Amino acid sequence: MTEHITQWIPAYYDGELHGARKQQIEAHLSQCAGCREELEQLGGLSALLQENPVMPVRTPVARFAAQVRLRLPQPKEPTWRKMLKTGWQAAPLGIVGAWAFIQAVLLVAVVITIIVQVDGASLTAISPDLTGLLIFRWPETALQTQVWPTIALDLGLLAIINLILTVIFAGLIVSWLAGWWAYRQHQGFMSIPKTVV
Amino acid sequence: MPSTIATDHELIAQARQGDRQAYGDLVCRYRDGVVNLVYRMCGDPQLAEEAAQEAFIRVWQHLDSYKPQYPFRNWVSRIAVNAALDALRRTPATVNVEDIPLEAPDEDPEAQTETRQRAALVQKAVLALPTASRAVLVLREYEGLSYHEIAEALSIPLGTVMSRLNYARGQLRQTLAAQLEAL
Ligand SMILES: [Zn+2]
């Protein structure tokens, strides 16, 4: 007879053994009454343990659940979700801010355009860098003879740019509002029956 | 309200979204299991009720870390056993094993007494185990957790799970020898 496998019996009994080891234990058990007895003892103990009483007095389950619900803290929101939410809430402010900034830049551009076209030389004298802000520059020859038509063209160009940007920003605001509305609808749907037990 | 009964996973998903109603339903389903586990750990109904509530609050707080491929019941047991251990740590002297009545007062003496008495002896023997071994035994014998799951639940090595389980069973076989003999 092979050596007794006493130390493996609990793991075998608890279903923790697999493969070759399990086969080895089973082979031994089929030959050894002593080890079989040990295994049966474990089964007997489990059966006896099932007689351990369950909780005697207990709160009705609905009341228990209500008590738990009253004690529940607010669920912790994941950081990424919190950041996303903050970003989403700040989005219209960002859009309006960006639009205002571009309006300011365009206004400055208009002023500079007029000054440069009327008296280009004086501006260059004040600050050569500022001429870099010009959106569109006409050749020097045209400047002398066609100042006002040139200004009209420049301003028209700026107006078109402004219009396009304003439409884009308006579109962004509208889609944000649509998104917000959809989110509120979804929220409402998710949280209809919030009755207190 | 949908007429079909929601599955556990549906309720878990809803609870994760912050739906307290759905979580309440989940609590109703697992209440008995958790209360019995905790009661077997501490033997005091008052303490068990309190620890069970604490367990469900922790389950709610950690729902995000629950992996759906893992049995929810086992995951809840894992939290519940730790809530019971914490409750016992806070109030270690609440249960005096000697105080557990061996007979229920208003029972038909003839028919019920023997089983009742044996049940009380079993309870007494389990509660007399050191808490660390008792936790392993309860998770294995009553909750059916694997050694690996027990090791994870109690944050102990696998070898410790086995030695504590063997110790607990050895102790119980001694204290309950007469009852085991009679089986
Ligand atoms: Zn043997």
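The values are calculated or read from the model by the stated rules, or taken from the named source; none is laboratory data. This is a predicted model, so every value here is computed, not measured. A quick note on method: Cβ atoms are made from the backbone with ideal geometry, for glycine too, and the neighbour counts reach across all protein chains shown. For accessibility, only protein heavy atoms count, side chains too; no ligands or nucleic acids. Shrake-Rupley method; radii C 1.70, N 1.55, O 1.52, S 1.80 Å.
Against the condition open to solvent by 10 Å² or more (accessible area, probe 1.4 Å) and out of contact with any Pro (no Cβ under 7 Å at 6 or more places or on another chain), how does residue B:23 come out, does it pass?
Working: open to solvent by 10 Å² or more (accessible area, probe 1.4 Å): no; out of contact with any Pro (no Cβ under 7 Å at 6 or more places or on another chain): yes.
For residue B:23, the condition - open to solvent by 10 Å² or more (accessible area, probe 1.4 Å) and out of contact with any Pro (no Cβ under 7 Å at 6 or more places or on another chain) - is not met.
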State whether the residues of the range B:29-51 include one that is over 21 Å from the mean Cα position of the chain (by Cα) and surrounded by fewer than 23 Cβ atoms within 10 Å (Cβ to Cβ). no
May I ask you to list pairs of residues, at least six apart or on different chains, whose Cβ atoms are under 8 Å apart, with the first in the range A:92-107 being in the same structural domain as residue A:160 (by TED's automatic domain parsing) and the second being assigned to a helix (DSSP H, G or I) and of a type in the set (S, T, N, Q)? A:99/A:166; A:102/A:162; A:103/A:162; A:106/A:162
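State whether the residues of the range A:64-82 include one that is farther than 30 Å from residue B:52 by Cα, in contact with a Ser or Thr (Cβ under 9 Å, 6 or more places away or on another chain) and open to solvent by 60 Å² or more (accessible area, probe 1.4 Å). Step through it out loud before you land on a result.
At the first step, the residues of the range A:64-82 found to be farther than 30 Å from residue B:52 by Cα are A:80-82.
Next, from what is left, pick out any that are in contact with a Ser or Thr (Cβ under 9 Å, 6 or more places away or on another chain): none.
No, the range A:64-82 contains no residue that is farther than 30 Å from residue B:52 by Cα, in contact with a Ser or Thr (Cβ under 9 Å, 6 or more places away or on another chain) and open to solvent by 60 Å² or more (accessible area, probe 1.4 Å).
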Mind telling me which of the residues A:42, A:48 ends up being within 12 Å of chain B (Cβ to nearest Cβ) and in contact (Cβ under 8 Å) with a residue 24 or more places away in the chain? A:42
Apart from one, (1) modelled with pLDDT under 85; (2) away from chain A (no Cβ under 11 Å); (3) within 28 Å of residue A:38 (Cβ to Cβ) all hold for residue B:109; the odd one out is (3)
Tabulated pairs, the range A:7-31, first assigned by TED's automatic domain parsing to the domain that holds residue A:42, second modelled with pLDDT of 95 or more and in a loop (DSSP other than H, G, I, E, B), C-beta under 6 angstrom, 6+ apart or interchain: A:11/A:17
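Based on this model, can you work out whether residue A:72 counts as within 50 Å of the chain's Cα centre (by Cα) and either away from every other protein chain (no Cβ under 12 Å) or away from the ligand (no atom under 16 Å from the Cβ) (or both)?
On the way: within 50 Å of the chain's Cα centre (by Cα): yes; either away from every other protein chain (no Cβ under 12 Å) or away from the ligand (no atom under 16 Å from the Cβ) (or both): yes.
It is true that residue A:72 is within 50 Å of the chain's Cα centre (by Cα) and either away from every other protein chain (no Cβ under 12 Å) or away from the ligand (no atom under 16 Å from the Cβ) (or both).
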The number of residues in the range B:126-146 that are within 11 Å of chain A (Cβ to nearest Cβ), in a helix (DSSP H, G or I), open to solvent by 10 Å² or more (accessible area, probe 1.4 Å) and of a type outside the set (Lys, Arg) is 3
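Okay, residues lined up against (1) exposed (fewer than 15 other Cβ atoms within 10 Å of the Cβ); (2) in contact with a Leu (Cβ under 6 Å, 6 or more places away or on another chain); (3) more than 30 Å from residue B:141 (Cα to Cα):
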position	(1), (2), (3)
A:47	yes, no, no
A:53	no, no, no
A:62	yes, no, no
A:90	yes, no, yes
A:97	yes, no, yes
A:107	yes, no, yes
Among (1) surrounded by fewer than 17 Cβ atoms within 10 Å (Cβ to Cβ); (2) within 26 Å of residue B:122 (Cβ to Cβ), which single condition is residue A:22 missing? (2)
